[in-house]
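Values in this text are rule-based calculations from the coordinates and carry no lab data. Fair warning: this is a prediction, and the values are worked out from it, not measured in the lab. For neighbour counting, all protein chains shown are included, and Cβ atoms are generated from backbone atoms with ideal geometry for every residue, glycine included.
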Amino acid sequence: MNSYELNKISKGELKKIFSRPSVANDDVIEIVRPIVNDVKNKGLKAALSYAKKFDSFSGESIFVSKKEFNSAEKKLDKKIKTALINASKNIEKFHSKQRPKSYEVETIKGIKCRREFRAIENVGLYIPGGTAVLPSTMLMLSIPAKIAGCKRVTAITPSNDSIHPAVLFAAKINNVDEVLKIGGAQGIALLAYGDPEFNKVDKIFGPGNKYVTAAKTLVSIDPEGCPIDMPAGPSELLIIADENARADFIAADILSQAEHGIDSQIILITTSSYLAAPVKSEITKQLEQLDRKNFALGALENSSIIIVEDIDEAIKLSNTYAPEHLILNINNAEKYINQIQNAGSVFLGKYSAESIGDYASGTNHSLPTYGYARSISGVTVEAFMKSVSFQKVSQGGLNRIAQTVIDLAETEKLDAHANAVKIRIKK
């Protein structure tokens, strides 16, 4: 990680430091496009072919059977089951408060407007599984889907034959309706377009690699495809630390994100010019203990340390970057909550490790990357729902609002709109 003093670098250099690794660029889109189109036209047959090609799938069926679910539960260590159940309870407890409430307003006498919420009926969950097993993502996506009331929840995850028991157990305890042993662009396309043996979904959720992200983008702009939650890219973390922060804590948080993959990015912004050296030393020491050391080393090449004058300046920089995860490893962290404008999820104080939010605090870990935190939220219960508006107009209400509607319609030269009101007044 290179170190910089903010007052000694130009705006152009800062922009370069803050630039994310490119994902789902034109080259990736062109690799993925024929795969998506092939599955769109040939369905399950094409999807299965690509699963065999890219993931060495060798099973008889990509659909997980009841027998496989039961077998997974028996194989899984009791302490892992307990951990998944405990995490599920916390996630459900937090997300259950997100279910939106309907309301009605009488805008003028005789006109009542109402907003009702409905669950999206069929949703697809993408659970990454290429370089790491992620039962936590199954929890983070399936729990809000079930709280929302989605009728059919389908999950897909790449597999060469069988899915890790922890992923299947996480699906089972949260009543996921079906799990498919397929991932990548072919899995996204199958969710979006379906097949005579597999009904398409109405919306796709979940993070993935650059090919998954590209496929999600393509199906979301195809009228025959389906919407997506967000174009989630590689994991990213920004840490703001003061002179009281412990270097070993910071290094551990940096590496917890870096081990996700070589495209991950971490930014440390600190008010202490003396913190950079011990943090780098701790990173070197802790790296040696990691199984995914090579992934972390790749991510550290995309990462930087920036030294600033004060916490206000650090937060201003953070809002510009709009990180997926933000850690405030500073004294009186809660004092600065109102200044945080752009972030996916925020961790307050030195004991709030980002990995706690990844697994079990209760908040969701499927969050906006690439600076999308400036405009969108992470996955919530509301994301699995849509609202429907209703209005009821009485004769008196019609009379009171008629002229307003007629005048606006005639201004826009939409005579039929105006006439739909005029004809009711005459009657």
Where the only charges are on Cβ atoms (+1 Lys, Arg; -1 Asp, Glu), what is the dipole of the chain about its Cα centre, to the nearest 20 debye? 1920 debye
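Can you say what percent of the DSSP beta bridges in the chain, counting only those with both residues inside, are antiparallel? Round to 5. Can you show the working numbers first?
Details: 16 of 51 bridges.
Percentage antiparallel, nearest 5: 30.
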Semi-axis lengths (Å, descending) of the ellipsoid that matches the C-alpha gyration tensor of the chain: 41, 32, 22
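Provide the FRET efficiency to the nearest 0.05 for the residue 399-residue 98 pair, computing r from the beta carbons and using R0 = 41 Å. Write down the numbers at each step before the final one.
Numbers: r = 41 Å, r/R0 = 0.99.
Efficiency, rounded to the nearest 0.05: 0.50.
Charges at C-beta only: +1 for Lys and Arg, -1 for Asp and Glu. How large is the resulting dipole of the range 214-301 about its Cα centre, in Debye rounded to 20? Before the final figure, lay out each step's value.
Working: 6 positive and 14 negative charges, 48 e Å.
For this selection, approximately 220 debye.
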Please report, in whole Å, how far the alpha carbons of the range 26-232 spread along each principal axis, starting with the longest. 66, 44, 30
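What full-extension length gain, to one decimal in nm, is calculated for residue 10 and residue 45 as 0.36 nm per residue of separation minus the Cα-Cα distance? Mind dumping the intermediate values first?
On the way: separation 35, 0.36 × 35 = 12.60 nm, distance 5.38 nm.
Answer, rounded to one decimal: 7.2 nm.
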The range 251-294 and the range 367-393 have their Cα centres apart by a whole-number Å value of 33 Å
Helix-derived [θ] at 222 nm for the chain: sum -39500 (n - 2.57) over DSSP H runs of at least 4, divide by residue count, nearest 500? -13500 deg cm²/dmol
Under 10 Å, Cα contacts only: if you run a Gaussian network model on the chain, which one of 298, 12, 149 comes out with the highest mean-square fluctuation? 12
Sorted by average packing, counted as other Cβ atoms within 10 angstrom per residue and highest first, what order do 416-422, 266-272 take? 266-272, 416-422
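Go ahead and run the numbers for FRET between residue 221 and residue 108, Cβ-Cβ distance against an R0 of 30 Å, rounding to 0.05.
Details: r = 40 Å, r/R0 = 1.33.
My answer for the efficiency is 0.15.
Where does the range 10-106 land on Rg(C-alpha)/(2.2 N^0.38 Å)?
Details: Rg = 22.8 Å, N = 97, 2.2 N^0.38 = 12.5 Å.
Here the answer is 1.83, to two decimals.
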What are the ³J(HN,Hα) values, in whole Hz, obtained from phi via the Karplus relation 6.51 cos²θ - 1.76 cosθ + 1.60 with θ = phi - 60°, for each residue of the range 388-393 in sequence order, with x given for Gly and Pro? 10, 9, 10, 9, 10, 10
Furthest towards positive pole of dipole, 51, 397, 272, structure part the chain, Cβ charges: 397
HN-Hα J couplings of the range 329-345 from phi, Karplus 6.51/-1.76/1.60, θ = phi - 60°, integer Hz, Gly and Pro as x? 8, 9, 5, 6, 4, 5, 4, 9, 4, 5, 7, 7, 9, 10, 6, x, 8
Using θ = phi - 60° and the Karplus relation 6.51 cos²θ - 1.76 cosθ + 1.60, list the HN-Hα couplings for the range 350-355 in order, rounded to whole Hz, with x at every Gly or Pro. 5, 8, 8, 5, 4, 5
Would you mind telling me which residue in 396, 378, 43 has the biggest mean-square fluctuation in a Gaussian network model of the chain, where springs connect alpha carbons within a distance under 10 angstrom? 396
Can you give the relative contact order of the chain as a percent, counting alpha carbon pairs under 8 Å and 6+ residues apart? 21 percent
Starting from the Cα of residue 151, draw a straight line to each of the aspartates and glutamates and keep only those under 17 Å, dropping any in the same chain fewer than 8 residues away. 121, 177, 178, 202, 382
Centroid-to-centroid separation of the range 189-207 and the range 96-126 [C-alpha atoms, Å]: 25 Å
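Expected output is a single nm value to one decimal: the length gained when fully extending between residue 82 and residue 338, i.e. 0.36 nm times separation in residues minus the C-alpha distance. What is it? Working shown, then result.
Values: separation 256, 0.36 × 256 = 92.16 nm, distance 3.66 nm.
Gain on extension, residue 82 to residue 338, equals 88.5 nm.
First select every other residue whose beta carbon is under 14 angstrom from the beta carbon of residue 183; then total the charges, Lys and Arg +1, Asp and Glu -1. Let's see the in-between values first.
Details: positive: 52, 53, 181, 210, 216; negative: 55, 161.
Charge balance in the 14 Å sphere: +3.
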Which of 309, 197, 354 fluctuates most in a GNM of the chain (C-alpha springs under 10 Å)? That residue is 197
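For a protection proxy built on the mean count of beta-carbon atoms within 10 angstrom, sort 58-64, 370-376 highest first, please. Please report the intermediate quantities before stating the final value.
Values: 58-64: 14.7, 370-376: 16.4.
The packing order, highest mean first, is 370-376, 58-64.
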Between residue 414 and residue 160, with labels modelled 7 Å along Cα→Cβ, what's the label distance in nm to one decimal, could you check? 5.9 nm
Could you sort the peptides 95-101, 29-35 by per-residue average Cβ neighbour count (10 Å cutoff), highest mean leading? 29-35, 95-101
